[in-house]
Structure formats: C-alpha cells, structure tokens
Amino acid sequence: MSTRVLVTLQPDTSPDQVVDALTALGATEVQPPRPELPDVCIATVDEQQHSPEAWAASARQIPGVAVAEVDQLRWSM
C-alpha cells in the first residue's frame with residue numbers, strides 16, 4: 001500500500017529541485033505543484049519500503065521544504 005505525503009514549499013523555492021530531492025529520497029511518484037495548490041507537491045510513498053512518518057520527517061530536512069505531513073484523508077493502492 002502507498003501513502004500520500006503533502007510537501008509544502010517555502011516561498012521562492014524551485015519546485016523542480018524539491019521534486020528531484022523527494023524522488024531521490026525514495027518517493028515512488030511526486031506530483032509537482034498545480035494551480036489549485038501552487039505551493040504543494042504530493043509525494044507517494046510505498047509503505048513496504050518506508051515508514052510514511054519517518055519519510056515525511058526526512059523530507060522536512062530538504063532545503064526549500066516548509067512542511068511535510070502524511071495526508072490523513074487519502075491513500076492510494
């Protein structure tokens with residue numbers, strides 16, 4: 001099973017650099033910011049490979065990331 005992690009960017013941060021860093025951290029998919037959420041990337045984390053909470057804690061250490069939290073409302077199969 002996979003879990004979504006919402007990653008909020010700091011102002012004036014390049015989304016491309018954060019997407020690359022989240023992918024390198026082990027996200028199976030990363031959606032860049034969209035018009036409806038212009039400062040949020042949505043990362044998908046495979047729970048068999050990473051604890052979502054631990055992964056989010058690591059994502060918070062990436063330069064340009066303001067907040068990273070497990071999405072409590074949506075999971076993907």
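The values are calculated or read from the model by the stated rules, or taken from the named source; none is laboratory data. Remember, predicted model here, so these are calculated numbers, not experimental data. For neighbour counting, all protein chains shown are included, and Cβ atoms are generated from backbone atoms with ideal geometry for every residue, glycine included.
Quick notes
- Odd one out for Ser51, checked against (1) within 12 Å of Val5 (Cα to Cα); (2) touching a Gly at 6+ places or on another chain (Cβ under 7 Å); (3) polar (S, T, N, Q): (2)
- Looking only at residues in the stretch 49-60 that are touching a strand residue (DSSP E or B) at 6+ places or on another chain (Cβ under 9 Å) and polar (S, T, N, Q), the one that is modelled with the highest pLDDT is Ser58.
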